[in-house]
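*Asks:* Right, I'll just put the structure down here and ask away after.
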Amino acid sequence: MPPRVLSGMRPSGKLHLGHYHGVLENWLKLQKQYECFFFAADWHALTTEYADPKEIRENTWEMVVDWLAVGIDPEVSTVFVQSSIKEHAELFVLLSMITPLGWLERNPTYKEQLKEITGKDLHTFGFLGYPVLQTADIIIYKAQKVPVGIDQVPHVELSREITRRFNYFYGELFPEPETLLTDAPKVLGTDGRKMSKAYNNAVYLSDPPDVVKKKILTMMTDPARKRRQDPGNPDICPLFLTFHKFYSDEKTIAWVRKGCTTAGIGCIECKQSVIPKVLERLKPIQEKREELSKDRERIWSVLKEGSRRAGAVAEKTILDVRKAMALE
Ligand code: TRP
Ligand code: SF4
């Protein structure tokens with residue numbers, strides 16, 4: 001058997017190019033090599049959205065449509081929703097018994113988010129326990145590899161520690177999960193900041209061609225190029241770093257570099273050269289999305305089948321856990 005890979009994403013709705021280049025392209029590669037489990041972490045979404053949860057389900061649907069549209073194949077990978085597998089919750093309870101509070105309180109991601117996310121009260125038991133639930137997600141499938149971005153590394157590190165502690169108390173039941181660090185390329189939004197739904201600067205996989213065009217044409221460039229005759233620097237230009245980098249061939253890149261630094265081309269011309277490439281890449285994704293969206297129930301039945309497969313594994317693991325902890 002190839003090693004088992006597991007990863008989750010909190011349902012945030014329609015996905016953008018940041019998700020695509022940062023996460024999904026990597027999942028597509030992994031899907032070819034490993035046995036993969038991909039799930040929508042709707043309980044994790046509740047840790048921050050508990051006061052207004054009504055969008056989580058719709059967001060789950062939109063996110064999973066995008067997964068399938070880019071080529072995550074539910075016949076090959078197991079695709080499911082976290083809350084449909086109750087064994088994650090049971091294991092979460094059991095792991096919470098052995099997880100020292102200090103480990104959670106010291107978690108840098110936790111401390112940072114408490115500071116950064118304003119307008120929500122995150123001083124809850126659930127939010128503190130976020131990495132414990134994440135550990136349950138991983139080890140309930142005995143996953144060996146966990147592909148995540150750099151921001152999630154402390155969480156997986158905690159998962160390893162909790163797993164080690166479990167194995168120490170109750171016997172070597174679980175492999176220690178390893179991080180598969182995705183060197184997530186920085187994808188910048190139209191305003192030059194990191195592409196994010198929250199910043200309202202994202203280009204979505206589902207944006208129609210005219211919207212994509214407009215977003216690119218109004219995207220920030222090197223601010224030094226105030227006038228057409230001012231030379232610029234592609235290496236600090238958000239448009240270049242995000243679009244030409246992912247979509248242009250070497251010849252075009254050389255043309256941009258020369259034209260930009262000598263003011264030989266204008267930004268509009270530069271942008272126009274990459275637009276068709278972006279549209280070309282999005283076209284098959286959008287066609288697939290369109291087809292999948294025709295029958296809304298289809299996505300839910302794909303997820304049901306995924307739950308059936310995931311559930312079979314989780315059930316087996318939880319039996320072993322109960323035995324190991326003298327509950328059965
Ligand atoms: N915390 C992850 C994120 O926000 C999502 C997640 C939940 C996850 N459970 C997981 C990722 C288990 C990997 C493994 O991106
Ligand atoms: Fe950016 Fe292209 Fe304008 Fe240079 S010419 S600043 S690379 S958009």
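*Asks:* If we scan region 219-229, do we find a residue that is within 23 Å of ARG10 (Cβ to Cβ) and out of contact with any Gly (no Cβ under 8 Å at 6 or more places or on another chain)?
*Replies:* No: zero hits.
*Asks:* When region 157-183 is examined, which residues are found to be among the aliphatic types (A, V, I, L, M) and buried (at least 19 other Cβ atoms within 10 Å of the Cβ)?
*Replies:* Those that are among the aliphatic types (A, V, I, L, M) and buried (at least 19 other Cβ atoms within 10 Å of the Cβ): LEU158, ILE162.
*Asks:* For region 127-174, how many residues meet the condition of being hydroxyl-bearing (Ser, Thr, Tyr) and within 12 Å of ligand 1 (Cβ to nearest atom)?
*Replies:* 4
*Asks:* Looking at PRO234, PRO209, which is the one that is within 25 Å of the chain's Cα centre (by Cα) and either farther than 20 Å from GLY266 by Cα or buried (at least 16 other Cβ atoms within 10 Å of the Cβ) (or both)?
*Replies:* PRO209
*Asks:* Okay, moving on. Restrict the check to region 293-304 and report whether at least one residue is farther than 21 Å from LYS186 by Cα, modelled with pLDDT of 95 or more, in contact with a strand residue (DSSP E or B) (Cβ under 8 Å, 6 or more places away or on another chain) and surrounded by 14 or more Cβ atoms within 10 Å (Cβ to Cβ).
*Replies:* yes
*Asks:* Restricting to region 236-253, count the residues that are among the polar types (S, T, N, Q) and in a loop (DSSP other than H, G, I, E, B).
*Replies:* The number of residues fulfilling the criteria is 1.
*Asks:* Next up: For region 276-290, name all the residues that are farther than 13 Å from GLY71 by Cβ and acidic (Asp, Glu).
*Replies:* Passing the criteria: GLU280, GLU290.
*Asks:* Tell me which of these THR47 doesn't satisfy, since it passes every other one: (1) surrounded by fewer than 21 Cβ atoms within 10 Å (Cβ to Cβ); (2) of a type in the set (S, T, N, Q); (3) modelled with pLDDT of 95 or more; (4) under 11 Å from the mean Cα position of the chain (by Cα).
*Replies:* For THR47, the failing item is (4).
*Asks:* Run down GLY22, GLY102, GLY13 and say which single residue is more than 15 Å from VAL146 (Cβ to Cβ) and within 13 Å of ligand 1 (Cβ to nearest atom).
*Replies:* So the residue among GLY22, GLY102, GLY13 that is more than 15 Å from VAL146 (Cβ to Cβ) and within 13 Å of ligand 1 (Cβ to nearest atom) is GLY22.
*Asks:* Which count do you get for residues in region 277-292 that are surrounded by 14 or more Cβ atoms within 10 Å (Cβ to Cβ) and without any contact (Cβ under 8 Å) to a residue 40 or more places away in the chain?
*Replies:* Summing the residues that are surrounded by 14 or more Cβ atoms within 10 Å (Cβ to Cβ) and without any contact (Cβ under 8 Å) to a residue 40 or more places away in the chain in region 277-292 gives 2.
*Asks:* When the residues of region 141-156 are narrowed to those that are surrounded by fewer than 21 Cβ atoms within 10 Å (Cβ to Cβ) and in a loop (DSSP other than H, G, I, E, B), which ends up farthest from ligand 2 (Cβ to nearest atom)?
*Replies:* Out of the qualifying residues, it is LYS142.
*Asks:* How many residues are part of a loop (DSSP other than H, G, I, E, B) and either surrounded by fewer than 20 Cβ atoms within 10 Å (Cβ to Cβ) or aliphatic (A, V, I, L, M) (or both) if we restrict to region 73-98?
*Replies:* Qualifying residue count for the region: 6.
*Asks:* From VAL302, VAL274, VAL313, VAL256, grab the single residue that is within 16 Å of ligand 1 (Cβ to nearest atom) and either part of a helix (DSSP H, G or I) or without any contact (Cβ under 8 Å) to a residue 60 or more places away in the chain (or both).
*Replies:* Of the residues listed, the single one that is within 16 Å of ligand 1 (Cβ to nearest atom) and either part of a helix (DSSP H, G or I) or without any contact (Cβ under 8 Å) to a residue 60 or more places away in the chain (or both) is VAL313.
*Asks:* Then there's this: Within the group LEU28, LEU24, which residue is under 18 Å from ASP207 (Cβ atoms), in the same structural domain as PHE174 (by TED's automatic domain parsing) and out of contact with any Leu (no Cβ under 6 Å at 6 or more places or on another chain)?
*Replies:* Criteria check complete, one pass: LEU24.
*Asks:* Answer yes if at least one residue in region 217-226 is small (Gly, Ala, Ser) and within 15 Å of ligand 2 (Cβ to nearest atom), and no otherwise.
*Replies:* So far as region 217-226 goes, yes, one or more of its residues are small (Gly, Ala, Ser) and within 15 Å of ligand 2 (Cβ to nearest atom).
The values are calculated or read from the model by the stated rules, or taken from the named source; none is laboratory data. Keep in mind it's a predicted model, so treat the numbers as computed, not measured. As a convention, Cβ positions derive from the backbone with ideal geometry for all residues, glycine included, and neighbour counts pool all protein chains shown.
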